[in-house]
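Asks: Here it is, the structure, as structure tokens.
The numbers here are math on the coordinates, done by the rules we state, and not lab data. Computed from a prediction, not measured in an experiment: that's the story for all the values here. Reconstructed Cβ throughout: ideal geometry from the backbone, glycine too, with neighbour counts over all protein chains shown.
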Amino acid sequence: MSPPANDRSLSLLHLEDSIEDHELAMAYLRRAGHRMDVTRVDTEADFRRALDSRHWDVVLSDFNLPGFDGLQAQRILQDSGLDIPFILISGAIGEDTAVAAMRNGASDYLLKNNLARLVPAVEHAIAAGRERHARQRADRELAASRQRLRELAQHLQTSIEMERAAIAREIHDDVGGSLTALRFDLAWMGRHVDSPAVHQRLVSALETVAHAIESSQRIMHNLRPAILDQGLVAALQWMAQGFEKRNNIPCPFRTSHEAMQLPVGVPLVAYRFAQEALTNVSKHAGATRVAIDLSLTRGVLSLEVSDNGRGLSEADLAKARSFGLRGLHERAGTVGGWVDVSSGAGGTVLLLSVPVRDDTQPDGPDTSFDNDEDHAPTAWGAP
């Protein structure tokens, strides 16, 4: 069998107390064309020191050694944490011992009276080890890449929410204030004008301004849900009522607690989850009933949105551009949570689960993105 393609010397550690057996094994490898950098040891202490001294491509080990045996040597190698191919060689090894060695991770075992298998055994063990190392390295790189993607997704979600809060604040301060001032001016003009035609135009203008204020408030709530200042329970209850009113679909809200202690950031994630779920229901489900259930049990916050609509098919879930569900998963991951989807002929259930730490705050204002206490869009246009 031909030697490995690279021209690097084979770094080999041979645990063998017989010089003759050692030279015989090395002769087989040299005849196969291997260039070798070999160290022979024959005691447990020397074996341990050798393992710590450098990198080895493969370890060959006799079974019967002074003071210990090949299985003990294999355990020493395993305990060291080094991933090095281990081949057991013996003059007379029992079948049970050989099986035990293979179960414990030995790459192969050979009999000293049949060293013709030594070269292919060593080459196969080294190739398998390199392939295993490459796979482990690829797995580590993939895990690191996924972690970077999760961090990027979390950063993007945070940036989006911060930008929404900033836009909402500008609408509140500029647009909202201007519309309210305009409403008062139009109302004053209506009280001081005598012309019926002008008065009618002023009434129409007041209605337009009132509609603009209402639209601004709706945009505000979508950008930055000020209702979360009252807590997640109140926010979800308000959302369910609004959905039921807009879509004429019953949407009961049930909760296990009237108030909850939640970490900063979790209420906003739960609110956005419910918001996206209800949007999908109104657009695609064709449901006649929706339910929202919120519970906090054994340190896990659970938010379930269920409907009796047409359900999601496998094709729906596998769509390449199905960013709604992917967004829910990514958003949940920003607070250490996850999303489960269950769908069939009877409808769809979306479940958000978030582990809740002990060091939480009472369910109240979520100040993750906005600490402006004067940020109260519901006050616009108040008489």
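Asks: Going by how many other Cβ atoms sit within 10 Å of their own, how do LEU142, LEU206 line up, fewest first?
Replies: Neighbour counts put them in this order, fewest first: LEU142, LEU206.
Asks: Here's another thing I want to ask about it. In debye, nearest 20: dipole of the chain around its Cα centre with unit charges on the Cβ of K, R (+) and D, E (-)?
Replies: 1200 debye
Asks: For the chain, take the longest principal axis of its alpha carbons; what is the angle in degrees between that and the long axis of helix 196-223, to the nearest 10 within 0 to 90?
Replies: 20 degrees
Asks: Right, another one. From the helices alone, meaning DSSP H stretches of at least four residues, give me the mean residue ellipticity at 222 nm for the chain, per-run term -39500 (n - 2.57), in deg cm²/dmol to the nearest 500. If you can, show how the numbers build up before the last one.
Replies: Working: 11 runs with 186 residues, N = 383.
About -16500 deg cm²/dmol.
Asks: Fully extended, how many nm does the chain gain between SER11 and ASN113 (0.36 nm per residue separation, minus their Cα-Cα distance)?
Replies: Stretched out fully, the SER11 to ASN113 stretch lengthens by 34.3 nm.
Asks: For the chain, take the longest principal axis of its alpha carbons; what is the angle in degrees between that and the long axis of helix 177-192, to the nearest 10 within 0 to 90?
Replies: The helix 177-192 is inclined about 10 degrees to the chain.
Asks: Right, something else. Nearest 5 is fine: what % of DSSP beta bridges in the chain come out antiparallel, could you say?
Replies: 55 percent
Asks: For a quick check of your reading of the filter: which chymotrypsin sites (Phe, Trp or Tyr not before Pro) in segment 53-126 sit in a DSSP loop and have no more than 12 other Cβ atoms within 10 Å?
Replies: For chymotrypsin sites (Phe, Trp or Tyr not before Pro) across segment 53-126 that sit outside H, G, I, E and B with at most 12 neighbouring Cβ atoms in 10 Å, the list is empty.
Asks: Show me the ranking of peptides 217-227, 25-35 by mean Cβ neighbours inside 10 Å, starting with the highest. Don't skip to the answer; put the middle values down first.
Replies: Details: 217-227: 18.7, 25-35: 15.4.
Averaged packing, sorted descending, gives the order 217-227, 25-35.
Asks: Identify which of ARG137, ARG49, ARG272 has the largest mean-square fluctuation in a Gaussian network model of the chain, with springs joining Cα atoms closer than 10 Å.
Replies: So, out of ARG137, ARG49, ARG272, the one fluctuating most is ARG49.
Asks: When each pair of different Cα atoms in the chain is counted once in the 1/r mean, what is the Kirkwood radius in angstroms, to one decimal?
Replies: The Cα-based Kirkwood calculation yields 27.4 Å.
Asks: Further question: Based only on other Cβ atoms within 10 Å, what is the fewest-to-most ordering of VAL122, VAL335?
Replies: VAL335, VAL122
Asks: Normalising by the residue count of the chain, find the relative contact order in percent from Cα pairs under 8 Å and 6+ residues apart.
Replies: Once normalised by length, the contact order is 13 percent.
Asks: Name the residue from THR348, ALA98, MET162 whose Cα lies farthest towards the positive end of the charge dipole of the chain, charges +1 on Cβ of Lys and Arg and -1 on Cβ of Asp and Glu.
Replies: Looking along the dipole axis, the top candidate is THR348.
Asks: How much length, in nm to one decimal, is gained on full extension between ILE167 and SER18, taken as 0.36 nm per residue of separation minus their Cα-Cα distance?
Replies: 45.6 nm
Asks: As a footprinting exposure proxy, order GLU330, GLU214, GLU16 by other Cβ within 10 Å, with the fewest listed first.
Replies: On the way: GLU330 18, GLU214 13, GLU16 21.
Fewest to most other Cβ atoms nearby, the residues stand as GLU214, GLU330, GLU16.
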